[in-house]
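Undergrad: Questions regarding the structure given below will be posed in turn.
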Amino acid sequence: MQNLLLSYYGDDLTGSTDVMEALELGGVPTVLFMRRPDERLLARFFHCRAVGLAGTSRSETPQWMEQNLAPAFEWLKSLEAAICHYKICSTFDSSPTVGNIGRAIEIGRRIFGQSSVPMVVGAPQLKRYTAFGNLFAAFRGEYFRIDRHPVMSRHPVTPMNEADLLVHLSRQTNLSSGLVDLAALQTDDLAQTVDQAVQNRAVILFDVESRQTQRRVGEQIWRIHDQGHGFVVGSSGVEYALLAEWAGKGIASGQASFAPPGPVDRLAVVSGSVSPTTEKQIRHALAHGFDGVEMDAMQLVTEGAKEAIERAVASGLASLAAGRSVILYTALGPQADRSAEIDHIEGARNRLGRALGDILRRLVVEKKLKRAVIAGGDTSSHALGQLAIDALTVRMPLPQSPGSPLCVAHGGGAIDGLEIALKGGQVGTDAYFETIRLGS
């Protein structure tokens, strides 16, 4: 592939599609691979100007990262894109033992031979803001510092108990860090400030609290990329910042149009999310014609998993045979969270995702479904692996629910051409599942 603007590794699947959506909306054709592609598969997407590799590092250990991120970064480096982005969640939820962002930076810094790594987390498009190093996020029309966020401060695996991102990062790495804050972003000598920062600190966080500061950050990230700072860490705020700069320079169009695909008669959803946002979406769907199938998460990860999967598949097939859409879920909100029990079983979280993927694959293949949804960031990464999908492209962005577009699956057999949406726990309006079914 030639003249790539950007390559990226997504630390989970929903985050990976979030980046793809942002790039496509900005007029940058993008493909997301589920695993490192061979030359034949890569050639199918020769027209793309951005290439992503979906990963699971958000839910993995530092030891896993060392074994898996290093070869992934080596491959991305070989593509010679102008920018290589390690994509993290815009809520920055991570810990020293799970989804360690500091370790990922250390590995990327080594592979790309960089003395300093820029980092951008704020993304106003997603209602995420960084001000003087502190992260703020919206929840149902209100704005919270991340350590007081009703959901993320209580995340079942990586609760955010620190809003100062560089303090939080310091618990994960000994690398030095610095901040280009809002005050610096308003000055005329911003370039000099940035140059000084990258000369003296291993990680540089850029504040973003508005489209205006986002544009200035994009200018600086693009300016320093050819000075040996092309490896960047952050949320899809990285792409939104760069797209503003690329549009201004005529490098990308800055916009794209997508024809709505229209409705399907039946939709299958599997959900492993315990988020209250997903709970409201499930309840809304059940009140608007969807059937619901409740599944026991513990049964899906223990010795009775095979029987539990068969029961879920049978129930799902019955609903679909009757012409109804169906949601198969392991929890209705945080009150149904069984993380404490699941985490006592080694590898259980990954096993749960794979079980949900097996169930969805059976439903799609046996009923020849044209559209499906997986809900839950960690769930999606492991579930999609069961569907034998090679790559994803965007079918329809959802401006009302940014970060969870409807995609097209590229693979073999009945899966090829499947339209699938991958929804993070906190993403989407109450009517999300019905919006996907209607395709508009």
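Undergrad: Condition first: β-branched (Val, Ile, Thr) and over 22 Å from Leu384 (Cβ atoms). Now tell me which residues in region 251-305 satisfy that. Steps first, answer last, please.
TA: Applying the first criterion (β-branched (Val, Ile, Thr)) to region 251-305 yields 251, 264, 269-270, 274, 277-278, 282, 293, 301-302.
Residues satisfying the conditions are Ile251, Thr302.
Undergrad: A further question on this structure: At least 2 residues that are surrounded by fewer than 18 Cβ atoms within 10 Å (Cβ to Cβ) in each: list the strands (runs of 3 or more DSSP E) lying fully within region 101-147 that qualify. Spell out the reasoning first.
TA: Values: elements: 117-120, 128-131, 134-139, 142-145.
Of the strands (runs of 3 or more DSSP E) lying wholly inside region 101-147, those with at least 2 residues that are surrounded by fewer than 18 Cβ atoms within 10 Å (Cβ to Cβ) span 134-139, 142-145.
Undergrad: What are the residues in region 422-440 that are among the aliphatic types (A, V, I, L, M), open to solvent by 10 Å² or more (accessible area, probe 1.4 Å) and outside any helix (DSSP H, G or I), if any?
TA: Let us first name the residues in region 422-440 that are among the aliphatic types (A, V, I, L, M), namely 422, 427, 431, 436, 438.
Right, trim to open to solvent by 10 Å² or more (accessible area, probe 1.4 Å) and you get 427, 431, 438.
Listed by number, the residues that qualify are Val427, Ala431.
Undergrad: Scan region 165-177 and tell me whether some residue there is more than 17 Å from Ile88 (Cα to Cα), open to solvent by less than 20 Å² (accessible area, probe 1.4 Å) and not acidic (Asp, Glu).
TA: no
Undergrad: Can you tell me which residue among Gly218, Gly272 is open to solvent by less than 40 Å² (accessible area, probe 1.4 Å), out of contact with any Lys or Arg (no Cβ under 8 Å at 6 or more places or on another chain) and farther than 30 Å from Thr330 by Cα?
TA: Details: Gly272 fails: farther than 30 Å from Thr330 by Cα.
So the residue among Gly218, Gly272 that is open to solvent by less than 40 Å² (accessible area, probe 1.4 Å), out of contact with any Lys or Arg (no Cβ under 8 Å at 6 or more places or on another chain) and farther than 30 Å from Thr330 by Cα is Gly218.
Undergrad: Just need a number here: residues in region 110-147 that are closer than 16 Å to Ile88 by Cα, in contact with a helix residue (DSSP H, G or I) (Cβ under 9 Å, 6 or more places away or on another chain) and among the basic types (Lys, Arg).
TA: Counting residues in region 110-147 that are closer than 16 Å to Ile88 by Cα, in contact with a helix residue (DSSP H, G or I) (Cβ under 9 Å, 6 or more places away or on another chain) and among the basic types (Lys, Arg) gives 1.
Undergrad: Restricting the search to region 223-256, which residues are more than 22 Å from the chain's Cα centre (by Cα) and either open to solvent by less than 10 Å² (accessible area, probe 1.4 Å) or touching a residue at least 60 places away in the same chain (Cβ under 8 Å) (or both)? Break it down into steps so the answer makes sense when it comes.
TA: Taking region 223-256 first, the residues more than 22 Å from the chain's Cα centre (by Cα) are 223-229, 245-253.
The answer is Ile224, His225, Asp226, Gly228, His229, Trp246, Ala247, Ile251, Ala252, Ser253.
Undergrad: Condition check: in contact with a strand residue (DSSP E or B) (Cβ under 9 Å, 6 or more places away or on another chain), without any contact (Cβ under 8 Å) to a residue 60 or more places away in the chain and open to solvent by less than 70 Å² (accessible area, probe 1.4 Å). Does Leu42 satisfy that? Quick ask: steps written out before the conclusion?
TA: Numbers: in contact with a strand residue (DSSP E or B) (Cβ under 9 Å, 6 or more places away or on another chain): yes; without any contact (Cβ under 8 Å) to a residue 60 or more places away in the chain: yes; open to solvent by less than 70 Å² (accessible area, probe 1.4 Å): yes.
Yes; evaluated as a whole, the condition is true for this residue.
Undergrad: When only residues in region 394-440 that are of a type in the set (Ser, Thr, Tyr) and within 14 Å of the chain's Cα centre (by Cα) count, which is farthest from Val326 (Cα to Cα)?
TA: As a first pass, look at region 394-440 and keep what is of a type in the set (Ser, Thr, Tyr): 401, 404, 429, 432, 435, 440.
Still in the list and also within 14 Å of the chain's Cα centre (by Cα): 401, 404.
On the way: Ser401: 21, Ser404: 19 Å.
Across region 394-440, the extreme among qualifying residues is Ser401.
Undergrad: While we're on this one: Any residue at all in region 408-421 that's free of Cβ contacts under 8 Å to residues at least 24 places away in the same chain, surrounded by fewer than 22 Cβ atoms within 10 Å (Cβ to Cβ) and hydrophobic (A, V, I, L, M, F, W, C)?
TA: Yes: one or more hits.
Undergrad: Within region 148-163, track down each residue that is surrounded by fewer than 18 Cβ atoms within 10 Å (Cβ to Cβ) and in contact with a strand residue (DSSP E or B) (Cβ under 6 Å, 6 or more places away or on another chain).
TA: Result: Pro150, single match.
Undergrad: Also, quick follow-up: Being part of a helix (DSSP H, G or I), under 24 Å from Ile88 (Cβ atoms) and open to solvent by 40 Å² or more (accessible area, probe 1.4 Å) is the filter here; which residues of region 194-207 pass it? Walk me through it before giving the result.
TA: Residues of region 194-207 that are part of a helix (DSSP H, G or I), as a first pass: 194-200.
Imposing the further condition that a residue be under 24 Å from Ile88 (Cβ atoms) reduces the set to 194, 197-198, 200.
Correct list: Asn200 only.
Undergrad: Could you pull out the residue among Phe132, Phe136, Phe231, Phe206 that is at positive phi and of a type outside the set (Lys, Arg)? Steps first, please.
TA: Details: Phe136 fails: at positive phi; Phe231 fails: at positive phi; Phe206 fails: at positive phi.
Just one listed residue meets the conditions, Phe132.
The values are calculated or read from the model by the stated rules, or taken from the named source; none is laboratory data. Predicted model, so just to flag it, every value in this text is computed and none were measured. Every residue, glycine as well, gets a Cβ built from its backbone with ideal geometry; the counts of neighbours run over all protein chains shown. For accessibility, only protein heavy atoms count, side chains too; no ligands or nucleic acids. Shrake-Rupley method; radii C 1.70, N 1.55, O 1.52, S 1.80 Å.
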